[in-house]
1. Which of the residues belonging to region 127-147 are farther than 17 Å from L31 by Cα, in a helix (DSSP H, G or I) and out of contact with any Leu (no Cβ under 8 Å at 6 or more places or on another chain)?
2. For region 299-319, which positions are of a type in the set (A, V, I, L, M, F, W, C) and touching a Phe, Trp or Tyr at 6+ places or on another chain (Cβ under 8 Å)?
3. How many residues are outside any helix (DSSP H, G or I), touching a residue at least 60 places away in the same chain (Cβ under 8 Å) and surrounded by fewer than 18 Cβ atoms within 10 Å (Cβ to Cβ) if we restrict to region 8-45?
4. Could you run through region 38-51 and say how many residues are on the phi < 0 side of the Ramachandran plot and more than 25 Å from the chain's Cα centre (by Cα)?
5. For region 94-126, which residues satisfy the criterion of being in a loop (DSSP other than H, G, I, E, B) and touching a residue at least 24 places away in the same chain (Cβ under 8 Å)?
6. Among the listed residues L243, L280, L299, which satisfies the condition of being under 25 Å from Y152 (Cβ atoms), at pLDDT 95 or above, of a type outside the set (D, E) and surrounded by fewer than 21 Cβ atoms within 10 Å (Cβ to Cβ)?
Amino acid sequence: MNTAQTSIEPSRERLANPFIRYLLATRPAFLTITLAGCLLGFATAVSVGAAFDWARALVTLVLALLAHAGINVLNDYCDHMNGTDARNTQRIYPFTGGSRFIQNGVLTPRQVLTFAAALFVATIAGGLWLLSVAGGGLFWIGLAGLAIGWAYSAPPLQLNSRGVGELCVATGFLLVVAGADYAQRSAFVPLPWLAGVPYALLVANILYINQFPDREADRASGKLHWVARLQPETAAWGYGLILLLAALSLLGGILLGLLPLAAAGALVAWIPALQAWRQLRLFASTPERLAPAIKQTLLAAHALPLLLAAILLVSGDVP
């Protein structure tokens, strides 16, 4: 690993302020993808006439961010315990290889685990209030989201090590959209689930491409996701498959008349994603060159929900 990569990693000396230290341990730069999902969920509710409740929206957003932060911190702890992050010498920080807070001595493993537990407790406590005002359906969304976040990396399930990590991520972020919608309208309807699927799949591709730099460390630690199981050149086609499924889900919703025709405009988000896939196919075996592709994948996953939310809000033919 070159000096340019390691020089920006966290250190206890630079993070002397406890508040900043714990805030950065959540990997806040990646929490914006949850913000985008919540905005899409709010838009699906408002687009069909639901009255927008600012208090519910704010609490929903805070709880979703707390849950995502807790899952990030728990994942760091689990990847420390199984040795993945300690073995990872091909990481592209800050995108892959974990937060490095444990490995660089910023926080102890016990502090990280305690922090994850505190974030989950705060999420549950706030969720009880939101549940009381928005309706019982949120219980199942919240329970499923936290269960998936735990099972993704924690033993005994460790679902990402069993080849279903992308499914976990897609399901979890689909629940973000559905939960944000439900918190506004207090009812389940098809629209947020349909609108959320392409977004959730593009988020799953963030995980997918990030596994290429981490591949050797993951294999050594027994994390046998599909990127670890397949040869890199073969695994690169999985990114394209997920892109195709995301596009088909969006177009399918339009053809079925469940999404407005204008929603096709959100396909603009596939431009950076297709560029990323091209780079992945070229550099799958030299993952240290994938930073630009990772950034483009992040751009696509943020652009799609924001574009689709805007289209739903301004379109006059939402079903």
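The values are calculated or read from the model by the stated rules, or taken from the named source; none is laboratory data. Note that the structure is a prediction, hence the values are computed from the model and not measured. Using ideal geometry, Cβ is built from the backbone for each residue, glycine included, and neighbour counts are taken over all protein chains shown.
1. Once the filter is applied, which keeps residues that are farther than 17 Å from L31 by Cα, in a helix (DSSP H, G or I) and out of contact with any Leu (no Cβ under 8 Å at 6 or more places or on another chain), region 127-147 yields L128, W129, S132, V133, A134, G137, W140, L143, A147.
2. Filtering region 299-319 for residues of a type in the set (A, V, I, L, M, F, W, C) gives 299-301, 303-304, 306-314, 318.
Within region 299-319, A300, A301, L304, L308, A309 meet the criteria.
3. Restricting attention to region 8-45, the residues satisfying the condition of being outside any helix (DSSP H, G or I) are 8-17, 26-27, 31.
Narrowing further to those that are touching a residue at least 60 places away in the same chain (Cβ under 8 Å): 8-12, 15, 26-27.
Keeping just the survivors that are surrounded by fewer than 18 Cβ atoms within 10 Å (Cβ to Cβ) gives 8, 11-12.
Residues flagged as outside any helix (DSSP H, G or I), touching a residue at least 60 places away in the same chain (Cβ under 8 Å) and surrounded by fewer than 18 Cβ atoms within 10 Å (Cβ to Cβ) within region 8-45 amount to 3.
4. Taking region 38-51 and keeping what is on the phi < 0 side of the Ramachandran plot, we get 38-48, 50-51.
Among the residues that remain, those that are also more than 25 Å from the chain's Cα centre (by Cα) are: 48, 50-51.
Here the count works out to 3.
5. Taking region 94-126 and keeping what is in a loop (DSSP other than H, G, I, E, B), we get 94-108.
Selection gives P94, F95, T96, G97, S99, R100, F101, I102, N104, G105, V106, L107.
6. Details: L243 fails: surrounded by fewer than 21 Cβ atoms within 10 Å (Cβ to Cβ); L280 fails: surrounded by fewer than 21 Cβ atoms within 10 Å (Cβ to Cβ).
Criteria check complete, one pass: L299.
Let's see how each residue does on (1) polar (S, T, N, Q); (2) in contact with an Asp or Glu (Cβ under 9 Å, 6 or more places away or on another chain); (3) under 16 Å from T44 (Cβ atoms):
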| site | (1), (2), (3) |
| --- | --- |
| L248 | no, no, no |
| G257 | no, no, yes |
| V268 | no, no, no |
| I271 | no, no, no |
| E288 | no, no, no |
| Q296 | yes, no, no |
| L312 | no, no, yes |
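Table: residues versus (1) small (G, A, S); (2) in contact (Cβ under 8 Å) with a residue 60 or more places away in the chain.
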{"position": "A217", "(1), (2)": "yes, yes"}
{"position": "L241", "(1), (2)": "no, no"}
{"position": "L267", "(1), (2)": "no, no"}
{"position": "A276", "(1), (2)": "yes, yes"}
{"position": "P292", "(1), (2)": "no, no"}
{"position": "T297", "(1), (2)": "no, yes"}
{"position": "L304", "(1), (2)": "no, yes"}
{"position": "A310", "(1), (2)": "yes, yes"}
